[in-house]
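Step one of this worksheet: look at the structure below.
The values are calculated or read from the model by the stated rules, or taken from the named source; none is laboratory data. From a predicted model like this one, the values you see are computed outputs, not experimental measurements. For neighbour counting, all protein chains shown are included, and Cβ atoms are generated from backbone atoms with ideal geometry for every residue, glycine included. All accessible areas refer to the heavy atoms of the entire protein, side chains included, with ligands and DNA or RNA removed. Shrake-Rupley method; radii C 1.70, N 1.55, O 1.52, S 1.80 Å.
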Amino acid sequence: MLALILCIVFLLLLVIVTAYAERKVAAFIQDRVGPTETGPHGILQSVMDVVKLLQKEDIIPSAADKRLFALAPIVMFAAVLAGFAVIPITPSAIASGAYLGVFYLLAIISLDVIGLLMAGWGSNNKYAVLGAMRSVGQIVSYEIPAGLAVLSVVMICQSLDLQEISFQQGILMNQFAGLEQEVNYLFGLKALNLDVTNVGGITTWNIVRMPFLFIAFIIYFISSLAECNRAPFDIPEAESELVAGFHVEYSGFRFAALFLAEYSMMVLVSLVAVVLFLGSWNTPLPNIGSVQLASWTTGTPGALTGHLWGAFWLLSKTVLLLYTQIWIRWTYPRLRVDQLMHLCWKVFTPIMLALVLLAGLWRLWMI
Amino acid sequence: MKEYISNKYNNSFFSVVGALLKGMQLTLQHFFRANKRREPTFVSDPNYFKQPEGLVTLTYPYESLPVPEVGRYRLHNEIDDCIVCDLCAKICPVNCIEIESIKATEDIGITSDGTKKRLHAAVFNIDLAKCCYCGLCTTVCPTDCLTMTKVYDFPEVDIKNMIYHYTDLSPEQAQEKRQKYEQQQAEIAEAKAAALRAKQEAAKGNI
Ligand code: SF4
Ligand code: SF4
């Protein structure tokens, strides 16, 4: 219960900060100043937005399917929130140490689509239905390259437990029950015979353990943009043509819940990318000879230092990815539907299939 | 034609990725220049028309571009110098100046450039909501009392407040002046009539 409350509070804070950052980064990229009036440099802008939304009248269109309409935001937010349960925050803190974490995560994120379709269909509005259809089509398609990217990591790590995957990517590997005898070689290649188990840092991150995972990471990241309906894949929301897509009829508190679900989704996919590819809560600094940078910036797992360092590294990497998401949104124009599907089915899926095969071979060379 | 297009858009994988990265680099540059800002400089500044790097927005009510001395903005009438000649009202293309004059009964002084004032302005209204800021009224004004100021930000909630009243007389005072003038006219008429009667009587006596 405590974990849930902590998680929601933490998530709300992160979402509010992201929403503020979105406005400010967009403004700076476009040579504007962004919000300036609410609080110093406008830092209270998102808080004011939330307060405003909560005060608004709850409008349900008379022709809407009331039950679906009312339930959709809850389904969407619940689906995303449930995903946070299996994310390891520090070496010893994870809300639910599910053995099948990755599998659960993929399944629960897909539930999001049902919420979307409920919202679009329930609104009884042509734009909402169009938006929801496009959104579902897009998300279902992009789950395939994203799923394959996750699969390639799972093949390298030989585990579906997110905490085990995290331990494998750092100097604490041998402290995880079941991994005591494991050895990390540079680039994962035993033939190179460079033991980096105690060097840690960036050399043991998944994108370095198997360099081709970097391609998988890029593909996962782009697919995750499509899964959260972010620009340049915001065809379902496309303010300029569909008004706002599936949530065009929502207002007040319900809109706030949808907004929250959307930004939480951004945070979740970034967290997953960090855990799977970018070393999770592990420090990026390696041990070099007697300069034990990695050990200094890891702390003792279980103790306060371990918690703080772990959360710090995980969060800073996530924030970096969130920034990249915003940065991409304000750089690229929207793709056309056919370009979107072309990219997914004819480019990403074949590349990922080849990479999954390569990951299997690499795993054979690693042991 | 086809060749031209394929020359212009090199669709190879690396050139596309290069172009995408170039775009990201461009936006990132703008992001990192956000600590620089446009300054509220005057038009004579050499940098005025150049787009300096950094944010271009001026947070308006707190800072604004200075306007030139000779700009055409809100009108002002220095009523002490106005001789109520009605020239401005006549030339105004949109008829937004409304003047009602009363002849003065006594000496009401001279303007700062030495012209004698003979009229009171009972009403001197300029409707700045109608005004097109052409400045014609200021050019015809013989005493240069009607001028354009540098104030351009004077919105009102009620459009009636856009009518500016420049007269220095209250309606009561105006009424008083009007009565005085009528009284004087009546007296003059009386005196004339008396003079006429005396003349006629004198003429009768002569016969
Ligand atoms: S500026 Fe032009 S429009 Fe305005 S009052 Fe003078 S003459 Fe009329
Ligand atoms: S032209 Fe000048 S002096 Fe004449 S009425 Fe207008 S403001 Fe007064």
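Things to note:
- Positions within segment B:94-137 being in contact (Cβ under 8 Å) with a residue 60 or more places away in the chain and within 13 Å of ligand 2 (Cβ to nearest atom), in sequence order: B:Gly135, B:Cys137
- Selection count, segment B:71-93, where residues are part of a loop (DSSP other than H, G, I, E, B), more than 8 Å from ligand 2 (Cβ to nearest atom) and touching a residue at least 60 places away in the same chain (Cβ under 8 Å): 5
- Check on A:Leu314, part of a helix (DSSP H, G or I), of a type in the set (A, V, I, L, M, F, W, C), over 23 Å from the mean Cα position of the chain (by Cα) and more than 14 Å from every other protein chain (Cβ to nearest Cβ): no
- For segment B:91-121, a residue qualifies if it is surrounded by 13 or more Cβ atoms within 10 Å (Cβ to Cβ) and among the charged types (D, E, K, R), and the qualifying residues are B:Glu98, B:Glu100, B:Lys103, B:Lys117, B:Arg118.
- The lone exception for B:Met162 - which of (1) within 16 Å of ligand 1 (Cβ to nearest atom); (2) not assigned by TED's automatic domain parsing to the domain that holds B:Gly114 it fails: (2)
- Segment B:164-183, residues that are open to solvent by 60 Å² or more (accessible area, probe 1.4 Å), of a type outside the set (D, E, K, R) and under 22 Å from B:Ile83 (Cβ atoms): B:His165, B:Pro171, B:Gln173, B:Gln175
- Test: B:Asp144 is within 16 Å of ligand 2 (Cβ to nearest atom), open to solvent by 50 Å² or more (accessible area, probe 1.4 Å) and at positive phi: yes
- Every listed requirement among (1) surrounded by fewer than 24 Cβ atoms within 10 Å (Cβ to Cβ); (2) of a type outside the set (Val, Ile, Thr); (3) closer than 30 Å to A:Lys66 by Cβ is met by A:Phe246 save one, (1).
- Checking the stated criteria, A:Ala257 turns out not to satisfy the condition of being in contact with a Ser or Thr (Cβ under 6 Å, 6 or more places away or on another chain) and assigned to a helix (DSSP H, G or I).
- Residues satisfying the stated conditions in segment A:278-306, i.e. assigned to a helix (DSSP H, G or I) and surrounded by 18 or more Cβ atoms within 10 Å (Cβ to Cβ): A:Ala294, A:Gly306
- A single entry from A:Glu57, A:Glu22 fulfils the requirement of being open to solvent by less than 80 Å² (accessible area, probe 1.4 Å) and of a type in the set (D, E, K, R): A:Glu22.
- Exactly one residue out of A:Trp309, A:Trp327 is in a helix (DSSP H, G or I), open to solvent by 20 Å² or more (accessible area, probe 1.4 Å) and within 14 Å of chain B (Cβ to nearest Cβ): that is A:Trp327.
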